[in-house]
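The values are calculated or read from the model by the stated rules, or taken from the named source; none is laboratory data. All values derive from a computational prediction rather than experimental measurement. Quick reminder, even Gly has a Cβ in these numbers, built from the backbone with ideal geometry, and neighbours come from all protein chains shown. When the accessible area is computed, the model is the full protein with side chains, heavy atoms only, and any ligands, DNA or RNA have been set aside. Shrake-Rupley method; radii C 1.70, N 1.55, O 1.52, S 1.80 Å.
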Amino acid sequence: MIVTLQLSGSDQQYFNALRDAHYPKRFNYLEAHITLFYKLPEDNPEVLAILADAAAVPPFEPAVTSIFSFGPGVAFGLHDNALLLWHSSLQAQLAPFLIKQDQQPLHPHITIQNKVTEFKATQLQATLMASFQPFTLKTLGLQTWRYLKGPWKALSEYPFRG
């Protein structure tokens, strides 16, 4: 089970449009997302209860602070100290269930391009940076997904309620 932050409608539309414009069509089968955890057991009642309880916080409003190239793609970097502290606490609660990748510190981002040449990614980053102004996102809650060897299937939503 994958866990992501749910974006507000306008933020979701903005980043989906960027993915549609810059992601190779044959690989663009997901909407824009902010991944929190890559692999949790989806049928474990303890995990589901932890996620439900974790949503008892106010919505996060991460700042979009950068655009970076990571070799074969481009992503928008996000920053929110409250989100990082909350995620760290959630990692502690979920520790027995975490794979190595999910034990790492969170580096929140939204990928808008992947699986291209490094040259193409560097060009896109430069183009986007020419007019980039930092802005703030609105998040609505947590979403869980089942990985289907490519596409994801929506499982549950946990709206923030703090």
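Table for the structure above
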quantity: Answer residue from segment 121-143, given it is under 30 Å from D43 (Cα atoms) and among the aliphatic types (A, V, I, L, M) and is least open to solvent (accessible area, probe 1.4 Å) among those; calculated: L142
quantity: Matching residues in segment 144-158 - criterion: being modelled with pLDDT of 95 or more and open to solvent by less than 30 Å² (accessible area, probe 1.4 Å); calculated: T144
quantity: Test: D20 is free of Cβ contacts under 8 Å to residues at least 40 places away in the same chain, more than 14 Å from L142 (Cβ to Cβ) and open to solvent by 70 Å² or more (accessible area, probe 1.4 Å); calculated: yes
quantity: Which listed residue is open to solvent by 70 Å² or more (accessible area, probe 1.4 Å), aliphatic (A, V, I, L, M), at negative phi and under 18 Å from the mean Cα position of the chain (by Cα), from L85, L78; calculated: L85
quantity: Residues located in segment 24-54, provided they are over 16 Å from the mean Cα position of the chain (by Cα), farther than 21 Å from Q104 by Cα and in a loop (DSSP other than H, G, I, E, B); calculated: P24, D43, N44
quantity: Verdict on L7 being closer than 22 Å to Q91 by Cα and under 13 Å from the mean Cα position of the chain (by Cα); calculated: yes
quantity: Complete set of residues in segment 2-17 that are open to solvent by less than 20 Å² (accessible area, probe 1.4 Å) and outside any helix (DSSP H, G or I); calculated: I2, V3, T4, L5, L7, S8
quantity: Selection from segment 29-72 of residues that are surrounded by 17 or more Cβ atoms within 10 Å (Cβ to Cβ) and without any contact (Cβ under 8 Å) to a residue 40 or more places away in the chain; calculated: T35
quantity: Total residues in segment 71-98, condition out of contact with any Ser or Thr (no Cβ under 8 Å at 6 or more places or on another chain) and outside any helix (DSSP H, G or I); calculated: 3
quantity: Selection count, segment 65-84, where residues are closer than 28 Å to R146 by Cβ and in contact with a Pro (Cβ under 9 Å, 6 or more places away or on another chain); calculated: 5
quantity: Conditions (1) in contact (Cβ under 8 Å) with a residue 24 or more places away in the chain; (2) exposed (fewer than 12 other Cβ atoms within 10 Å of the Cβ); (3) part of a strand (DSSP E or B); number of the one not met by Q101; calculated: (3)
quantity: Any hit, segment 107-122, residues being in a helix (DSSP H, G or I), polar (S, T, N, Q) and within 22 Å of N28 (Cβ to Cβ); calculated: yes
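Residue-wise test of (1) within 14 Å of E61 (Cα to Cα); (2) in contact (Cβ under 8 Å) with a residue 24 or more places away in the chain.
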| residue | (1), (2) |
| --- | --- |
| W86 | yes, yes |
| Q91 | no, no |
| P96 | no, no |
| H109 | yes, yes |
| I112 | no, yes |
| L124 | no, yes |
| T136 | yes, yes |
| Q143 | no, yes |
| Y147 | no, yes |
